[in-house]
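What follows draws every value from the coordinates through simple rules; no lab data is involved. On a predicted model such as this, the values are computed, not experimentally measured, just so you know. Backbone-built Cβ (ideal geometry, glycine too); neighbour counts: all protein chains shown.
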Amino acid sequence: MKFDLVVKKAKVFLPTGPEITDVGVADGRIVEIGDLATASAAEVVDGEGKWLLPGVIDTQVHFREPGLEHKEDLRTGAMAAVAGGTTTVFEMPNTNPLTINPEALADKLNRASGRMASNFAFFVGASPENLDDLASLETLPGTPGIKVFMGSSTGSLLVEDDASLRKVLANGHRPVAVHSEDEPRNRARRAAYGEGTLEPDPTLDYPLNGTASDHPHVRDAESARLSTERLLKLSEETGRTVHILHLSTADEIDLIASFRKRIRVSVEITPQHLFFAGAECYDRLGTHAQMNPPMRSRHHRDALREAFRAGFFNVIGSDHAPHTLEEKAAAYPATPSGMPGVQTLLPVMLRFAKEGLTTFEEVVRLTSVAPAELYGIKDRGNLQVGSFADLVLIDPREFTVEADWLRSKCGWSPYLSESLFGWPLMTWVGGKLAYSAGGELDITAGRQVEFNWK
């Protein structure tokens, strides 16, 4: 058989576990795994001493197009993705215009076609204008489903009251992805902060000081816990599965665990909520550490790590949300929340595995297999015969994050100068070489994700 690509003698992370073997690709798919020493191929890559992983599926990114292309666009966001080993992204609806109807979704799909190096799908946002249409909107080609903002909204992308949230959950059947913070509480605490009367968050180990480290005092742990409790009660009432994004507090862990005895609920963790914590995080990074929900104290970070070690989380997402250096240079609170992260997702998690927080096999499962299963992604997420050849070859070594490696348009990272693990060498998307370290990127490799939902 004539292969388009053969990767030889790599440590291949198969569903059954790592194995030193060869992988053959033809017509965009993995067609053979085993001894291919005599195989004929258009491209042969020597993988000896390297690791071959299924490409990462990042189910939460903000690529800012349309409307905010000065921060990022679909092309540059996808370039950052494949440079870090991410081959599929789900992009969020808080763009301008908002992705809340078929026309806006179709526009994004059209913009992505032929311009993205990674595969793509686009969430539809729940808003007061489309609550009656969500069951049909979630089945449109090119979307993984509905995204709900209970807090931290853009425009009309806000579902803050229980009556509207109940209506969202009653319309449709796919898992609903939720940003869970209590907007009425956030609003009241922002007002109190502006008036100088804010009561500090008692779960934090440092006081208010007038800088970006005040952010987790303003958007406190109780806001997240309260919102998640409301969400879980409505999930139980309606029978609708919810997927809680970027969990940030110790308080929510036991709460979710208790509801899991009765309902189906999945939870995402971001690398940054496992990595950064405490006043020292804000002292070092300033507003570059500001995001929603916030990084909090070591108390919360350590609880999240322990839950991660225990297998509590279902997927890992980057919540890649870039802003320009100029925007981040303003004084808090006049600064936008969010940070880039799609390019560093895999190396950060591999560092955690190297340090013993988890295993390399578990990182692979949570970044590829698990998101494919959660969202019913067709033929992606597993390194097995028949799947699309979404692959990343890494050099299993430590490396320091430097600015010239970054591909996001915003040009910065909270991990600058940090030592991470697993240097991405080559990334293939559907069998096409989308990234090679030190080389060019194929910006046409990405394809619209298909789903297996009935």
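Place the peptides 244-250, 442-448 in order of packing, highest mean first, counting for every residue the other Cβ atoms within 10 Å and averaging per peptide. List each step's numbers first, then the result.
Values: 244-250: 24.0, 442-448: 19.9.
Result, highest mean first: 244-250, 442-448.
Quick one: grab the alpha carbon gyration tensor of region 56-375, order the square roots of its eigenvalues as a ≥ b ≥ c, and give me rounded if a/c is under 1.5, else prolate or oblate depending on whether a/b is larger than b/c. Since a/c stays below 1.5, the shape of region 56-375 is classed as rounded.
Cβ-to-Cβ counts within 10 Å put 426, 1, 150 in ascending order as 1, 426, 150, the fewest first.
Computed packing ranks the peptides 132-143, 167-178 as 167-178, 132-143, most packed first, by mean other Cβ atoms within 10 Å. Close amide H partners of residue 21, meaning residues 5 or more places away or on another chain with modelled amide H under 5 Å apart, are 9, 10, 12. Assuming charge only on the beta carbon of Lys and Arg (+1) and of Asp and Glu (-1), the dipole of the chain about its Cα centre is about 580 debye to the nearest 20.
Can you compute the helix-only [θ] at 222 nm over the chain? Use -39500 (n - 2.57) per DSSP H run of at least 4 residues, normalise by all residues, nearest 500 deg cm²/dmol. Spell out each step's value before the answer.
On the way: 15 runs with 129 residues, N = 454.
Result for the chain, helices only: -8000 deg cm²/dmol.
Note on the chain: dipole from Cβ charges, positive end direction compared against 216, 170, 403; the farthest Cα belongs to 170.
Using the average count of surrounding beta-carbon atoms within 10 Å as a protection proxy, the listed peptides 308-316, 123-131 rank, highest first, as 123-131, 308-316. Between the C-alpha center of region 404-454 and that of region 95-121 there is a gap of 19 Å.
The amide H of residue 26, built 1.01 Å from its N in the peptide plane, has 4, 31 as neighbours under 5 Å, considering only residues 5 or more places off or on other chains. So what's the gap between the Cα centers of region 230-287 and region 5-63, to the nearest angstrom? Spelled out, the Cα-based centre of one part sits 34 Å from the other. Distance between the C-alpha centers of region 187-221 and region 361-379? Whole Å please. About 37 Å separates the Cα centre of region 187-221 from the one of region 361-379.
Charges were assigned to the Cβ only: +1 to each Lys and Arg, -1 to each Asp and Glu. The resulting dipole of region 32-157 about its Cα centre is roughly 320 debye. Close Lys pairs in region 56-375, defined as Cα atoms under 15 Å apart and 8 or more places apart or on different chains, number 4.
By DSSP, the beta bridges lying fully in the chain are antiparallel in about 50 percent of cases. Among beta bridges from DSSP that stay inside region 306-454, the antiparallel ones total about 95%.
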